[in-house]
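This report refers to the structure that appears directly beneath it.
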Amino acid sequence: MTTKKRKLTLSRIEERVQQLPLLPSVVCDLMELDTDSPFFYDKVTELSQADPPLATRVLKIVNSASSAHSHAITDLHEALIRVGTDKILSFITTLSVARVFTPVTDQQKAIWQHSIETAHIAKFVAIHLKDLNVDKGLAFTSGLLHDIGRFVLFEMTAKAIDVVDAKGWDTPIELPDVEKGVLGFTHADAGYIAAKKWQLPKLIVDMIRYHHNYDISKHNEVSAELRNLVLVVQFADLVSVLIEKNPEWPDWDEAKLTSEIRSFCHHDIWPKVNFPVNELVKELPLISIECYQILEKLRLR
């Protein structure tokens, strides 16, 4: 007698999330650090040493062939300084999340690539769009975690992702409607459940929940901090999908890439925001290379 398969529901997802390992607490602790503090590296070293597997991975990657130095680095503090203040938070955050969701299939690796690209693009936008007042570290972490619900779905059944993708969707704007039609809920709903379980900061939890609410800027009851953060992540999300769906994009000239970003990475309901498209077009090849190198170091390629 065959056992009837249980339908995938949010209740089942909540059950499954309870069985997942906790997101390392270092992720939340890193968000609270002041990068301008003279004790920044000391504090990061302390946090990393409290998580031996993480500390070991940091040393291994810093000493990898692609990061070749004249001598082997055995001191964690030195290794973190070698990474650099600007990259250290994103570096360790990515390592920590990768330990919970280790990709196996090409499709899982593709979602990781998208998450890392979105994180780096969101950080770039936050740095260059100062009017929104979004912290660059927060933008990075938000971009990295925005699709955490897709990882949760993969942990439960890769078929759910396969069925959704088979229906066809061209932009992240279309994805939630396709998911609702197939599953009855969205990956944002699943991600919200996971984020609450991990007790992530409320701002991150809400960003995950609302990152496909493109009209969020029209809701005055929502804080400006959340509205601006979601807007940055949404734009970065769209840019990442654009380059993924157009693998020939490195051959485009700047005029074409600018035109594609302005037309594809836009929603009519957004408030008028002068996204740093011209600056991004010049930097995108370097951002893409950096993301590829991170994927290789994390063995996600």
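The values are calculated or read from the model by the stated rules, or taken from the named source; none is laboratory data. Bear in mind the structure is a predicted one, so any value in this text is a computation, not a measurement. For neighbour counting, all protein chains shown are included, and Cβ atoms are generated from backbone atoms with ideal geometry for every residue, glycine included. Please note that ligands, DNA and RNA were not included when accessible areas were found on the heavy atoms of the full protein model with its side chains. Shrake-Rupley method; radii C 1.70, N 1.55, O 1.52, S 1.80 Å.
Tabulated results
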| item | result |
| --- | --- |
| ILE73 open to solvent by less than 20 Å² (accessible area, probe 1.4 Å), out of contact with any Pro (no Cβ under 6 Å at 6 or more places or on another chain) and not in a helix (DSSP H, G or I) | yes |
| Residue match in segment 150-169 (condition: within 25 Å of LYS87 (Cα to Cα), surrounded by fewer than 23 Cβ atoms within 10 Å (Cβ to Cβ) and basic (Lys, Arg)) | no |
| Search result, residues across segment 179-210 that are in contact with a helix residue (DSSP H, G or I) (Cβ under 8 Å, 6 or more places away or on another chain), part of a helix (DSSP H, G or I) and open to solvent by 30 Å² or more (accessible area, probe 1.4 Å) | GLY181, VAL182, ASP189, TYR192, LYS196, LYS197, LEU203, ARG209, TYR210 |
| Residue tally, condition assigned to a helix (DSSP H, G or I) and more than 30 Å from VAL100 (Cα to Cα), over segment 217-234 | 3 |
| Candidate set: segment 76-111, residues that are outside any helix (DSSP H, G or I) and among the hydroxyl-bearing types (Ser, Thr, Tyr); chosen: the one nearest to PHE151 (Cα to Cα) | THR102 |
| Residue among LYS109, LYS197, LYS130 that alone is without any contact (Cβ under 8 Å) to a residue 40 or more places away in the chain and not small (Gly, Ala, Ser) | LYS130 |
| From ASN220, ASN213, ASN228, residue being farther than 22 Å from GLU15 by Cα and crowded, with 20+ Cβ neighbours inside 10 Å | ASN228 |
| The one condition in (1) at pLDDT below 95; (2) more than 28 Å from ILE61 (Cα to Cα) that ILE289 fails to fulfil | (2) |
| Verdict on ASP237 being open to solvent by less than 20 Å² (accessible area, probe 1.4 Å), assigned to a helix (DSSP H, G or I) and not hydroxyl-bearing (Ser, Thr, Tyr) | yes |
| Those residues of segment 18-70 which are at pLDDT below 70 and either in contact with a Ser or Thr (Cβ under 6 Å, 6 or more places away or on another chain) or crowded, with 16+ Cβ neighbours inside 10 Å (or both), in sequence order | LEU23, PRO24 |
